[in-house]
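Chemist: One structure, as structure tokens, below. Some questions next.
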Amino acid sequence: MDSGVHSKRLESYMRKLLTAACSIAFAAGLVLAQAQEGPKAEAQDAGHDLKQAGKDTGHAAKHTGKAIKKGTKKGVHKTAKKTKEGAQKLEDKTK
């Protein structure tokens, strides 16, 4: 009977050892899988950030261009109005 107890203990010990070894192997596999996906994911994030920065720059340039157009138009109209007023004053003085 003594050898039966030892074999059961040995069997229990071996199962625990095998379970621990499998757990360690599984964890190592997960770590390696994460390590391989890390740089790829970072590169995708960097590419996305770069694309977004380009879009933001384009939107800012468009906004600036519209503001310049509006300011130029306003200035031209104001200048034309003052020129017309000056011409009218000159005409009134020469009559």
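Chemist: Here is a list of conditions, (1) loosely packed, with under 10 Cβ neighbours inside 10 Å; (2) at pLDDT below 85, and Ala41 meets all of them except one; can you say which number that is?
Modeler: (1)
Chemist: Let me ask something additional. Could you say which residue among Leu30, Leu50 is modelled with pLDDT under 80 and in a helix (DSSP H, G or I)?
Modeler: Leu30
Matching residues to (1) touching a Lys or Arg at 6+ places or on another chain (Cβ under 7 Å); (2) surrounded by 10 or more Cβ atoms within 10 Å (Cβ to Cβ); (3) of a type in the set (A, V, I, L, M, F, W, C):
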position: Ala61; (1), (2), (3): no, yes, yes
position: Thr64; (1), (2), (3): no, yes, no
position: Lys70; (1), (2), (3): no, yes, no
position: Gly75; (1), (2), (3): no, yes, no
position: Thr79; (1), (2), (3): no, yes, no
position: Ala87; (1), (2), (3): no, yes, yes
position: Asp92; (1), (2), (3): no, no, no
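Chemist: So is Glu85 among the charged types (D, E, K, R) and modelled with pLDDT under 90 or not?
Modeler: no
The values are calculated or read from the model by the stated rules, or taken from the named source; none is laboratory data. The structure displayed is predicted, hence computed values, not measured ones. Cβ coordinates were reconstructed from backbone atoms using ideal geometry, including for glycine residues, and neighbour counts include every protein chain displayed.
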